[in-house]
Amino acid sequence: MAQWWSIGTGNVLVNSGGLLAGNGRIATNSLVTVNGGISPGKPDNSDVDVLYSGSQIWGSTGVFNLNINALPQNGTAGKQWDLIDLGGGTLTIQDNFTLKVLGLSASTGFVSSGSYSWLIASNISAITVGTNIRILLGEDVNPATGFGLKSAGGGLYLDYAPVPEPKDYAMILGAITIGLVGYRRWRRTAQFA
């Protein structure tokens, strides 16, 4: 397997239109500011890997090209999906940052009725996340439903939870209605007994 190295020792600025890609190490005392693209692994997004660095700022025009080739229960971060290791640094994700999920499909075992959580950034001392992060599937320009970001235990996770269909809401409402009718009948019977 060919090695793609992204190595630096100072602060790194990825301008709009630029791409930081590879599986190397950037000094942990550096600050990486991403206003362009970031993609662990090969620059053509065909491979998954780990990119090591210090603190990062994912800017409002930035894009994280996240390759996912397996479900969380069937793989490991950095081997079956991309991972960024911040080496104890901080992560700031600004409003309008885009997370582009690549490779996720039925062939990876993904089903829309399942719930999943992928670790996508690790070894983070503090995380600040903006309020309007766009998550796209592949080249789709419409935000993906059911996906969100969660920070826990020094990591940043991409979570997926199924979004209920309108028919599901109707079933829930029907069950609540039946429960209320049964409760009222039981209460009336209890009052006159």
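Rule-based calculations on the coordinates, nothing more; no lab input. Keep in mind it's a predicted model, so treat the numbers as computed, not measured. Counting neighbours? That spans all protein chains shown, and the Cβs are built from the backbone with ideal geometry, glycine included.
Candidate values [x] 19.1; [y] 18.4; [z] 17.1 were compared with Kirkwood radius over Cα pairs in Å computed on the shown model; the agreeing label is [y].
Put simply, when 74-83, 143-152 are sorted by average Cβ atoms within 10 angstrom per residue, most first, you get 74-83, 143-152. What share of the DSSP beta bridges in the range 81-182 is antiparallel, in percent to the nearest 5? Close to 50 percent. Taking every alpha-carbon pair under 8 Å whose residues sit at least 6 apart, the chain reaches a relative contact order of 15 percent. Relative to the dominant Cα principal axis of the chain, helix 166-192 is inclined by about 40°. Summing Cβ point charges (Lys, Arg +1; Asp, Glu -1) relative to the Cα centre of the range 47-154 gives a dipole of roughly 200 debye.
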